[in-house]
Amino acid sequence: MSFTAVSPRRVSARRLAQLRHWRTRAIFWCGAISVGLVAVGFAYACTWAIGTHARLLDRWLLAAPIVTPLGLAFVVWATRRLAPGSEGSGIPQAIAALDAVDEAARARLLSLRIAFGKIVLTVAALLSGASVGREGPTVHVGAAIMDALGRIKRFPHDYVRRSLVLAGSAAGLAAAFNTPIAGIVFAIEEMARSFEERTTGTLLTAVIVAGVVATGLLGNYSYFGVADAHLPTAASWLAVPLCGIVGGFSGGLFARILLQLKRQFAPLSAARPVALAFALGLIVALLGLLSHGATYGTGYDQARGLLTGSSTPGLLFPAFKWLATMASYLTGIPGGIFSPSLATGGGLGADLAPLLPQAPFETMVVLGMAGYFAGVTQSPLTGAVIVMEMVDDHALILPMLATTFLALGVSRLICNVPIYRALAAYYLPAKGAADAETRAAPPTAAT
């Protein structure tokens, strides 16, 4: 019998490697916990801002034409002067950071300064009455926090790009909506548009840790409550093509017009950003007055009211919310389109419900959410899964998948490039932006 002697130097090197490995994991876990904590605090701050704005208008309804334009103009000024890079949803910046080839380019898109500005200015935008959501900004903040850890620890470049940024984005969405599965699907379908085996462990760990933190502080809740949606008869399945076609058309039209207007407004936005924000703020305020305040904020209360039957925002709510979200985003303020899109889709489904009495009202609202969301983002898996988790209803997963993929096909006939990919091109070199605009153009007759 022979024994192989192990060098003490080799043993010490192995222990040192293990120590470094666990230190790396500890830093990463701390980052995921930080994303969860920030997401919870961000949610509370946004809820406070929406409530404060609503209480102000309850006391003085005519304050809207003053508060909203001035507030949005101030937010745009502060964004340009104090936190450049924090404008818009934040998802395009995170996508562009994955495609950035050098450290300086990523630093202009992801940093703790940008993350802090994103939070503060999104809250200020909601306080002013803008029709924006906090979920896209939470994705941006999550990616920035994890990327900052990569800089501190000096992880390899590929690790930062494919693991930390993706994991931070997924963790941000999961913590914002309490939808862990949707966070993973979103990172694969929307952020990366690919799947890499080496990123799975990092991605899953970040989502789980951030989700546990958010659930521990906010409780095990469903974002829109629990919906009892189903398709009881064969005739009720007509809700799938109805919501898929209408949702895909409306969502694709929103994406197409937003991209066109953003390109056309670019010179004016560069020369007179505050004046443009003030003018668009007047439109947002007018829509808020016409809708009796239903278009302000994220749209959470309106969507939840439709699902629970506690309130109905009105027949014209989807159109008003569609326009208010468009105007709010074009100002250049920080804020996303996730929640406003879900609210618009819910209202759209409610408007379609009388056309198909065989389908339950709640089912039409849920399918409307999924169809319109998929039409805007062209991310059908994310749309189906995120709505499923938000209403805690797994019975409709197959109808929702069918609705979202049908909406995707219709949306691509109108806007043949995903909205976040087109917006991400603005944060890349000029050639990339030009290519994205070309891809977003409608097919020619020859095509």
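Please work out which residue is surrounded by the fewest Cβ atoms within 10 Å (Cβ to Cβ), limiting yourself to segment 285-316 and to residues that are assigned to a helix (DSSP H, G or I) and touching a Leu at 6+ places or on another chain (Cβ under 7 Å). So the residue we want is LEU287.
Within segment 359-402, take every residue that is part of a loop (DSSP other than H, G, I, E, B) and either outside the structural domain of ALA319 (by TED's automatic domain parsing) or out of contact with any Pro (no Cβ under 6 Å at 6 or more places or on another chain) (or both) and give me the one that is modelled with the lowest pLDDT. Looking at the filtered set, the residue picked out is ASP393.
Only helices (runs of 4 or more DSSP H) whose full extent lies in segment 41-139 are considered here, and the ones with at least 3 residues that are touching a residue at least 40 places away in the same chain (Cβ under 8 Å), out of contact with any Cys (no Cβ under 7 Å at 6 or more places or on another chain) and buried (at least 17 other Cβ atoms within 10 Å of the Cβ) are 64-82, 91-99, 112-128.
The values are calculated or read from the model by the stated rules, or taken from the named source; none is laboratory data. No experiment lies behind these values; they were computed from the predicted model shown. Virtual Cβ from ideal backbone geometry, glycine too; neighbours counted across all protein chains shown.
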